[in-house]
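See structure below.
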Amino acid sequence: MTEMPMVRYENVSKRYGAFTVLDNLNLDVARGEKVSIIGPSGSGKTTVLRMLMTLESINGGTLWVDGEPMTHMSKNGRLVPADARHIRRIRAKIGMVFQSFNLFPHMTALGNCIEAPITVLGMGRKEAEERAAELLDMVGLSAKKDHYPGQLSGGQQQRVAIARALAMRPKIMLFDEVTSALDPELVGEVLQVIRRIGAEHDLTMLMVTHQMGFAKEFSDRVCFFYQGKICEQGPPAQIFGNPQNERTRQFLNAVLEAG
Amino acid sequence: MWDWAFTIDILPVLARAAVITVQATAIGFVIAALLGLVLASIRLSSPAAGLVVAILVELVRSTPLLIQIFFLFFVLPKVGIVLDAFTAGVLAIGLHYAAYCSEVYRAGFENVPRGQWEASIALNLSPWTTFKDIILPQALPPVVPALGNYLIALFKETPLLSAIAVVELMQRAKIIGSETFRYTEPVTLVGLFFLVMSLLSAGLVRVLDGWLSRRYG
Amino acid sequence: MWIRVLAAMLAATLTAIVILSFQDGFKVFVPGLLQGAWLTVQIAVLGALLAVVMALTAALAKLYGPLPLRWLAVAYIEIFRGTSALVQLFWLYFVLPQFGIFMDAFPVAVLALGLNIGAYGAEVVRGAIRAVPKGQWEASTALNMTRAQMLRRIILPQAFVAMIPPWGNLFIELVKSTSLVSLITLADLTFKAQQMNQATLQTVPIFTLVLLLYLAISLTITICMRFTEGWAAKGVLHGKAS
């Protein structure tokens, strides 16, 4: 069991009708590893995260989380499709931050961070509030804890969303283009927070990003997706410094020229 | 409990009454659609006239159609206008739904971009030409489905005419019921008639909506 | 701006009622009509309660119920939206007794109108739930909530805000359709008017008062719903939603 990676995609496929989004994906992410996923739009990178969060079903293959199959469970020595209870137990290990924040607009920043710990984990209100206050402090928003999402800037909302996900004590954090919806001047504050939790928490992280500089500096490994497949992967120094694949080179040239 | 022989007996009688129901629906809706358009156009013309129309619409929508039917039927003769029950009833229905239709047209007008008015002014078109040739053709098609839904709503309110003894479907069913002491068949048949017609028309409106949004969307 | 016009209309309506109730030719009718109006209000309030309960139940059943329950909800919504309120009222009043079910006119009235408006309300509730952005469901899933928790804590509070204006319209429709109960012998406002009209032939004063009384009830509801709308948008969503 200790050999098993934190996350394993085993021959995972995803199709929409005749269109194949992901084709036989195999990817292991080790405990505590930080993996960035880059690639042109439509290459299936967001789908990789959404499948792991069970927001998308998979059409083939198996997903493993922390040594256990997520989409299947063993019953009488055989693997059968997972039931809702099994999925919820596994899902408890995963947190996700979205491109469009998706904060609950009718709850304060603090309310957003204590909602699931109370209703899902059954935590007492006082404990949940103390912990949420600590997390909001860590993302630099202790002064805004009684504000509603509509009263916060995009960058502040995204930092609340990060605190909200962390409040569930996940082992794995998924970041889905978390700075794409932000005005350029607000990107830095969010990346700063991600850097900090990367350093302070022993979390496994998967992020889909367009911030090449951040991917290069922050991640242990970078995967370049192209047309539903991993086209090239390796340490950031290799991918950004000396890409082996022609597609990777073209993509990085295009991105660097634009930006 | 359900008497088929009796059902077959009363079917032709009900069918004749259904003709009255359909006539009332058709005439009532023509009044509603035309008067509604006039009201909505007046709202466009000036803020003061618009306020008066808005208040009138609110008044009509805030009081029961049944009372409005009674009002036209009983009060108009007092001022010398004697209408038979069918005319008074259909007029009341038409006026009532004109208020609703005017709101539909208003939404249609509001959805035409301001730039269309401005471009027309820039081309020196007269206000009437602008309204007739530029605004109306853009405002009307998108609101046709909403008007269709009010046509269905109006149709379902025609049984109210039975309250002033217009022998439409509901009144005929009640007469049959009081003569034979059997209400189950006539009232259920009337219900089924409305259900089938409403579902069919709702389906038509949906098809129309799809077609319009492909054509003009 | 429009809320002020509405308030002015309500004030004018109430003033007119008070002035007329001191006029000869009008004042004899006032006590009887007020009695009728009281019954109208009772039916409307109870009908509204039933409508809200039915709308929530049917909408949730149609969206998330197991298959047979979903069919039942669809059948309820389509049948009650597809036929007239008056037909439903008559059916419950005249046909149910032939199946051995006897009810007084008052419960029949509340049941018929509540079920009728509830069917329209179900579509309002369903539309409002579906209008909540998909991201809210996804965020709740990512936080590992159960579907019941998502609905209760995240989705319904937001859908609630979007429901208020259409529910305002439905409540007005409900008040107006209470006039139908006069046709099954309940002594509501419309019934009293008809009765007095037949007895005295004083058509103009009677129907003027009746129109004003309905107007007062409807405008009160419209204004209350406007305030609720403003309160909900501010109190629940606090500025624009993310």
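Derivation of every value follows stated rules applied to the coordinates shown; laboratory data play no part. Source: prediction; values computed, not measured. Here Cβ is always computed from backbone atoms with ideal geometry, including for glycine, and neighbour counts include all displayed protein chains.
Taking the Cα centre of each part, how many Å lie between segment B:151-217 and segment C:62-95? Between the Cα centres of segment B:151-217 and segment C:62-95 lies a distance of 15 Å.
For A:Lys126, the lysines whose Cα comes closer than 21 Å to its Cα, not counting residues fewer than 8 places off in the same chain, are A:Lys144, A:Lys145. As a proxy for reagent exposure, ranking B:Tyr105, B:Tyr150 by other Cβ atoms within 10 Å from fewest up yields B:Tyr150, B:Tyr105. Given 25 °C and 0.890 mPa s, compute D for segment A:13-83 with the Stokes-Einstein relation, Rh being the Kirkwood radius over Cα pairs; round to the nearest whole µm²/s. The estimated diffusion coefficient comes to 181 µm²/s. Here is the size of the protein assembly as shown from its Cα atoms: Rg then Dmax, 32.2, 101 Å. Sorted from longest to shortest, the spans of the Cα atoms of segment B:4-216 along the three principal axes equal 71, 47, 23 Å. In the protein assembly as shown, the DSSP-assigned H stretches of four residues or longer account for a calculated mean residue ellipticity at 222 nm of -20500 deg cm²/dmol, using -39500 (n - 2.57) per stretch and the full residue count as denominator. Net charge dipole, chain A: roughly 700 debye, given to the nearest 20, about the Cα centre with Cβ charges of +1 for Lys and Arg and -1 for Asp and Glu. The per residue volume of the convex hull around the alpha-carbon atoms of segment A:105-169 is 69 Å³.
Hydrophobic long helices, here whole DSSP H runs in chain C with Kyte-Doolittle means of at least 1.0 and Cα atoms spread over 30 Å or more along the helix axis, are found at C:30-64, C:105-131, C:203-232. Expressed in units of 2.2 N^0.38 Å, where N is the residue count, the Cα radius of gyration of chain A is 1.02. With distances taken between every two different alpha-carbon atoms, segment B:88-176 has a Kirkwood hydrodynamic radius of 15.6 Å. Running a GNM on chain C with Cα contacts under 10 Å, which residue among C:Ala59, C:Ala85, C:Ala16 ends up with the highest mean-square fluctuation? In this elastic network of chain C, the residue with the biggest mean-square fluctuation among C:Ala59, C:Ala85, C:Ala16 is C:Ala16. Between B:Phe6 and C:Leu69, the distance separating the two model label sites (each 7 Å from Cα on the Cα→Cβ line) works out to 3.8 nm. In straight-distance terms, cross-link reach from B:Lys156 covers every one of the aspartates and glutamates whose alpha-carbon lies under 14 Å from its own, apart from those fewer than eight places away in the same chain; here that gives B:Glu168, C:Glu78, C:Glu173.
Just so you know, the Cα atoms of segment C:42-167 work out to an Rg and Dmax of 16.8, 55 Å. Among A:Ser74, A:Ser43, A:Ser57, the residue with the largest mean-square fluctuation in a Gaussian network model of chain A, with springs joining Cα atoms closer than 10 Å, is A:Ser74.
Span-like helix check, chain B: qualifying full DSSP H segments, with Cα axial length of 24 Å or more and mean Kyte-Doolittle of 0.0 or more, are B:4-45, B:85-111, B:136-157, B:184-216. Just how many % of Cα pairs in chain C lie over 26 Å apart, if you round to the nearest whole percent? Of all Cα-Cα pairs in chain C, 50 percent lie more than 26 Å apart. Computed from point charges on the beta carbon alone (+1 for Lys and Arg, -1 for Asp and Glu), the dipole magnitude for segment B:29-155 about its Cα centre is near 100 Debye.
For segment C:119-137, backbone nitrogen atoms closer than 18 Å to the point 7 Å from B:Leu199 Cα along Cα-to-C-beta are found at C:119-120, C:123.
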